[in-house]
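Working notes for the structure below.
Quick note: the coordinates plus some simple rules give every number you see, no bench work behind them. Note that the structure is predicted; figures quoted are calculated from it, not measured. When we count neighbours, we look across all protein chains shown, and the Cβ atoms used for this are built from the backbone with ideal geometry, even at glycine.
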Amino acid sequence: MKAVVLAGGFGTRLRPLSCTRPKLLFPVGNKPLLDWTLKKLAKSGVEEVVLAVNYMAEAFIHRYGNSKYGMKLLYSKEDKPLRTGGAIKKAEELIGHEEPFLVLNGDILANISYKELVEKNRVNNAIATIALYRVEDTSQYGVVELTEKGCVTQFVEKPSSDKTTSDLVNAGIYVFDPKIFEYIPCNKPVSIENEVFPKLAVEGKLYGHIFEGMWIDIGELKNYLKANQLLLDIEIKKSQLASDVILEGKVEIKAPIVIDRKTIIGEKSKIGPHVSLGERVSVGKGVSIENSVIFPGTMISDFTSIRGAIIGESAIIGRWVKIEDECIVGDHAMIQDKVTLTRGVTVCPSKEVTESVLSPIRVM
């Protein structure tokens, strides 16, 4: 079995952090999101993975090389963005035509059985089978209507709420028969969702597979933090500290959290729940952090409070700072003492903030 991971997205909704790293290399539970996907593929028996890359392609090649978790890794590099269908078509030679293959949107974190999805496609002799998930708000997804036997009768990408009667949405995980290549033109941007799936639905060659459990798209800040929270709840479940983490005096830990190598936490600090601290993070005394992701190399000074935020790599956070929900502090930024960042503030990389920001703006 082969799999294609679509890894070419620009991560525009997670800027400025995505200006310096691909979205799929964002840490979730202190491992890049892509690591969790690759590990699950390996456990499912996948032997070869094609990474369809574009934006910061070299970052993937540098980190993963030619293998991971016992699987062979290949790279299909786009010279220009080809969208989902075009990326799959460009990888055709690497995928081959011997057997069905998996395709995954790389920014999805899901608890799904790939084997069941593949089996559903085989039983129905389908060209494509889509993993489907039930949501309350369907306006941001491709919405699917099914027959009792699971055949897709209609596929509509991001319909208005008054134009759909289904709560089943495209989960961004597929299995394709090699015949799918006949539906995708060469060397041009093609949306598999808008241009291919509707055709297959009309021909009765598109099926759906409903699954339950964890599913989340980390494309925006609140979902990224939610993904970190869910993964800590489901995979970590407790406090996971590297062996060389230093706790200076009494530190209150609220599980689940994960703390990476060479991190130091000062006395009387409170960490958790749902916190990921990267390696070489320095936390002062009397600091409070919850529901946040702190990238490697960051320094957080005494008596600072961080709630529901993402702090980029090697940032410097001063004393008595307050950082509230849905804030993003970019790599190498500096937040001076006694500054408050209210809900929704974004600080660009290497920016120094000397005064409180009390409205949700981007500090450039």
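A few remarks follow.
- Length released on extending from K72 to S359, taking residue separation times 0.36 nm less the Cα-Cα span: 98.5 nm
- A Förster radius of 35 Å combined with the Cβ-Cβ distance from K285 to K31 puts the calculated FRET efficiency at roughly 0.75.
- Members of K72/K115; K40/K90; K43/K68; K2/K72; K90/K149; K89/K222 lying beyond 21 Å, as alpha-carbon distances in this model show: K40/K90; K90/K149; K89/K222
- Cα-centred dipole magnitude for the chain, charges only on beta-carbon of K, R (+1) and D, E (-1), debye, nearest 20: 600
- Calculated from backbone phi, Karplus (6.51, -1.76, 1.60) coupling profile of segment 223-237 in Hz, x at Gly/Pro: 6, 4, 5, 5, 5, 4, 5, 5, 5, 5, 5, 8, 9, 7, 6
- Taking the helices alone, the chain has a mean residue ellipticity at 222 nm of -4500 deg cm²/dmol, built from -39,500 (n - 2.57) per DSSP H run of at least 4 residues and averaged over all its residues.
- In segment 123-189, the trypsin sites (Lys or Arg not before Pro) that fall in loop regions by DSSP, at most 10 other Cβ within 10 Å: K149
- Helix 33-43 and the longest principal axis of the Cα set of the chain meet at an angle near 50°.
- Two-site FRET efficiency, L94 against K262, from Cβ-Cβ distance with R₀ of 51 Å, rounded to 0.05: 0.85
- With a simple spin-label model that places each label point 7 Å from the Cα along the Cα-to-Cβ direction, the separation between E248 and R15 comes to 3.8 nm.
- Correct option for P(r) over Cα pairs in 20 Å bins from 0, in percent [calculated from the coordinates] among [x] 29, 52, 19, 0; [y] 33, 63, 5; [z] 17, 26, 21, 16, 10, 6, 3, 1, 1, 0: [x]
- 19 Å Cα-Cα reach of K199 towards aspartates and glutamates, excluding residues that sit fewer than 8 places from it in its own chain: E145, E157, D177, E182
- Under the simplified labelling scheme, the E119-N187 pair shows an inter-label distance of 4.3 nm, with each label point 7 Å from Cα along Cα→Cβ.
- Taking the C-alpha atoms only, the angle from helix 114-123 to the longest principal axis of the chain is near 10 degrees.
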